[in-house]
């Protein structure tokens with residue numbers, strides 16, 4: 001006799017919107033409501049309210065404006081890091097200056113999309129950031145590319161294994177998954193990550209993602225902004 005099994009219930013990504021302009025906040029809410037795998041759990045128009053709601057709701061994704069009266073998104077990101085919250089942040093901002101982009105990415109934001117971006121770009125960004133990947137809007141991608149531009153011979157300093165680890169990090173793979181795929185220990189992966197940071201001077205996943213694109217390890221912003229791992233041989237030695 002056949003046994004009936006219950007279908008697996010997939011929990012939607014829980015989203016909090018932080019935006020001081022009411023019209024834009026409502027537009028973002030409408031967009032989230034159209035995405036069946038996302039659930040809008042809250043909205044905030046000030047940084048103070050945002051901090052309280054984030055602590056209370058523990059959302060999977062925060063869509064964060066960058067400039068607020070009397071403050072900025074950098075303070076919010078600092079608070080997330082201090083509380084060690086595992087919320088992924090997508091910055092949605094009219095300001096794409098190198099300074100703003102640098103602050104957001106070094107602060108831990110997973111994505112950054114300009115407010116003039118299309119709904120299609122914003123939708124892709126939400127899905128990528130929710131899945132733990134990095135996403136840049138077209139204008140932001142150019143700014144990040146300038147920020148991480150390095151001498152032409154810098155890539156030669158990376159070993160084959162470091163390039164593999166870099167490509168997998170850029171694809172959103174956590175260290176444990178990288179260790180399994182490469183058949184090495186977590187300690188080895190962490191050593192490679194430390195070597196990458198030391199050699200490139202880059203520390204955030206967002207910055208390393210753009211560096212991986214520059215080296216041809218993953219598609220660049222002009223080819224595919226929502227990056228996936230490129231074909232990388234996994235047979236190299238440690």
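The values are calculated or read from the model by the stated rules, or taken from the named source; none is laboratory data. All values derive from a computational prediction rather than experimental measurement. All Cβ positions, even for glycine, are placed from backbone atoms using ideal geometry, and neighbour counts span all protein chains on display.
Is it fair to say residue 132 is under 19 Å from the mean Cα position of the chain (by Cα), at positive phi and touching a residue at least 24 places away in the same chain (Cβ under 8 Å)? Don't jump to the end; show me each part of the working.
Details: under 19 Å from the mean Cα position of the chain (by Cα): yes; at positive phi: yes; touching a residue at least 24 places away in the same chain (Cβ under 8 Å): yes.
So residue 132 fits the description; yes.
Picking from 117, 104, which residue would you name as being at pLDDT 85 or above, touching a strand residue (DSSP E or B) at 6+ places or on another chain (Cβ under 8 Å) and either under 25 Å from residue 175 (Cβ atoms) or not in a helix (DSSP H, G or I) (or both)?
Values: 117 fails: touching a strand residue (DSSP E or B) at 6+ places or on another chain (Cβ under 8 Å).
Unique residue meeting the criteria: 104.
Name every residue in the stretch 169-200 that is within 22 Å of residue 111 (Cβ to Cβ) and surrounded by fewer than 16 Cβ atoms within 10 Å (Cβ to Cβ), in order of residue number.
If we filter the stretch 169-200 for residues that are within 22 Å of residue 111 (Cβ to Cβ), which is where we start, we get 169-175, 177-178, 193, 196-197, 200.
Of everything in the stretch 169-200, those that are within 22 Å of residue 111 (Cβ to Cβ) and surrounded by fewer than 16 Cβ atoms within 10 Å (Cβ to Cβ) turn out to be 174, 177, 197.
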With the requirement that a residue be crowded, with 24+ Cβ neighbours inside 10 Å, in contact with a helix residue (DSSP H, G or I) (Cβ under 8 Å, 6 or more places away or on another chain) and farther than 18 Å from residue 145 by Cβ, what does the stretch 94-134 give you? 126
Quick check on the stretch 67-84. Is at least one of its residues farther than 13 Å from residue 130 by Cα, exposed (fewer than 15 other Cβ atoms within 10 Å of the Cβ) and under 15 Å from the mean Cα position of the chain (by Cα)? yes
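In the stretch 50-66, what residues are assigned to a helix (DSSP H, G or I) and buried (at least 20 other Cβ atoms within 10 Å of the Cβ)? Please lay out each step first, then the result.
First, pick out the residues of the stretch 50-66 that are assigned to a helix (DSSP H, G or I): 50-57.
Passing the criteria: 50, 54.
Just checking, does the stretch 36-49 include any residue being part of a helix (DSSP H, G or I), crowded, with 17+ Cβ neighbours inside 10 Å and at pLDDT 95 or above? Give the steps one after another, and end with the answer.
Step one: of the stretch 36-49, the residues part of a helix (DSSP H, G or I) are 47-49.
Okay, now just the ones that are also crowded, with 17+ Cβ neighbours inside 10 Å, so 47.
The next check asks that each one be at pLDDT 95 or above; those that pass are none.
No, the stretch 36-49 contains no residue that is part of a helix (DSSP H, G or I), crowded, with 17+ Cβ neighbours inside 10 Å and at pLDDT 95 or above.
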